[in-house]
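J.: What follows is a single structure, and I will ask about it in a moment.
The values are calculated or read from the model by the stated rules, or taken from the named source; none is laboratory data. Computed from a predicted structure; not experimentally measured. Don't worry about glycine lacking a Cβ; one is built from the backbone with ideal geometry, like all the others, and counts go over all protein chains shown. Protein only, heavy atoms only, side chains kept; ligands, DNA and RNA dropped before computing areas. Shrake-Rupley method; radii C 1.70, N 1.55, O 1.52, S 1.80 Å.
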Amino acid sequence: MSQTPPKIGLILTGGGARAAYQVGVLKAISEFLPRRSHSPFQIICGTSAGALNAATLAVNARNFRKGVKYLISIWINSHVNDIYRSDVVGVAKNTGRWLSGLVLSLFGVNRMTRISLLDNSPLAAFLEQTLPCERIQENIDAGALHALSITASGYGSGHSVTFYQGVPGLQPWKRARRLGVETKIGIEHLLASSAIPFIFPAVHIHREYFGDGSVRQIAPISSALHLGADKVLLMGAWHFDDDESRRNRMDTYPTLAQIAGHALDSIFLDGLEVDLERLQRINRTVSLIPEELRTATDMRHIDVLVVTPSIPLEQIAERHLSRLPWTIRLLLRAAGVMRRSGANLVSYLLFDRHYCHALIDLGYQDALKRREEIQKFLGYDTPVAKCDMPQ
């Protein structure tokens, strides 16, 4: 009797422009697999900018290499103008809306307008034109995809909500401050999940406004497990380093850019690192429980493979600070963003093809160094001949 292959979950985290690193890793993985292969990931979970990558892979689940090529094309040709308005009129209009909203709020006037530092209407238009979300269900029906999930944060309820679309029989879940809701995933879910607080506007879905899915996401890995994943490949945008080396002496007061970068790190990275540590601890506990008793405990071992940048991404962003449009540089200069200390914040906002190309190349090289490990994790032990992919 043949054993059912394990369902592999892919978790694509948030991080704004940092999500280009994931595309480099995916590029390498696509070269590890036979041509015209279905996606090796039956369950794909995306949050924030990772949600855009996740949805693209789900739309192209029947041809993984094609989906990755499409992602590469998007990221290496990306420009700030494709994500948010950087023209003079657009920046001035949005800034005026922001300031007027703040002034009116002082007088108790609540204007029902989308107030944010940046206007991401170009991203909404681009996704509407290029991402046919109806193919997600087609791929599920064809057996090429088990489930796709997109996580967003509800500003009204305070819950981390995972919207999922998958095979029949998947059950919604409700835990402390987080729940899973079955739905037909559309562009609005992607925009909501990637709406970085204060920077991009919230999105109204059903009865609530939603923002970036990384906010209050205390268990990022759990969505894949709820949807049936037996093992998980996790792609993060943080660099594992020595905590002691980060505790540099700091005598000057932090700039607004440093504080904002620190806040974004907390939003995008802290919950994931804590959840990963929790999973590893549970795995160690499960290993101590006799096989015959594990069923009674409702606990199981989950294989997890983590791929993260080999160098800090803010170091790369620092080399590309000047590539921001002058209007955005002017807007952010007062916050100290254009100084070296603001590189961390810029690493989230720099949707520039040169910067994204550098992140893709880093992800690609990092994955190549771990080729055997990744292939074994995915169940492809036989090396696959390398093919040419877009650089």
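J.: By per-residue mean of other Cβ atoms within 10 Å, what is the highest-first order of 21-31, 168-178, 148-158?
T.: With the highest mean Cβ count within 10 Å placed first, the list reads 21-31, 148-158, 168-178.
J.: Sketch the reach of a paramagnetic label on Ala124 as a point 7 Å from Cα along Cα-to-Cβ, and name the residues of the range 162-198 whose backbone nitrogen lies under 19 Å away.
T.: The answer is 185-198, whose backbone nitrogens lie closer than 19 Å to the label point.
J.: Using θ = phi - 60° and the Karplus curve 6.51 cos²θ - 1.76 cosθ + 1.60, what whole-Hz ³J(HN,Hα) does each residue of the range 193-198 get, with Gly and Pro shown as x?
T.: Working through the residues one at a time gives 5, 9, 7, 4, x, 6 Hz.
J.: While we're looking at this one, here's another question. Could you order the peptides 130-143, 277-290, 352-365 from most to least packed, using the average number of other C-beta atoms within 10 Å per residue?
T.: Highest mean packing first, the order is 352-365, 130-143, 277-290.
J.: In addition: Using 0.36 nm per residue, how much length does the chain from Gln365 to Ile218 gain when fully extended, once their Cα-Cα distance is taken away?
T.: Between Gln365 and Ile218, full extension yields an extra 49.9 nm.
J.: Sticking with this one: May I ask which of Lys27/Lys231; Lys174/Lys376; Lys27/Lys174; Lys27/Lys184 have a Cα-Cα span longer than 24 Å here?
T.: Listed pairs above 24 Å: Lys174/Lys376; Lys27/Lys174; Lys27/Lys184.
J.: Please pull out the direction-averaged projected area of the range 114-226, using the convex hull of its alpha-carbon atoms, in nm² to one decimal place.
T.: In nm², the orientation-averaged hull projection of the range 114-226 is 7.2.
J.: Using a basic spin-label model with each label point 7 Å from the Cα along Cα→Cβ, how many nm lie between Asp141 and Glu373?
T.: Each label point lies 7 Å from its Cα, and together they span 4.1 nm.
J.: Once neighbouring chains are kept in place and the probe is 1.4 Å, which whole percent of the accessible area of the range 1-83 is contributed by carbon and sulfur?
T.: The C+S portion of the solvent-accessible surface of the range 1-83 is 51 percent.
J.: Something else: For Ser322 paired with Val274, estimate the spin-label separation in nm (one decimal), with each label point 7 Å from Cα along the Cα-to-Cβ line.
T.: Calculated label separation equals 4.1 nm.
J.: Quick one: how many Å² of Lys376 are accessible to a 1.4 Å probe, rounded to 10?
T.: Accessible area of Lys376: about 150 Å².
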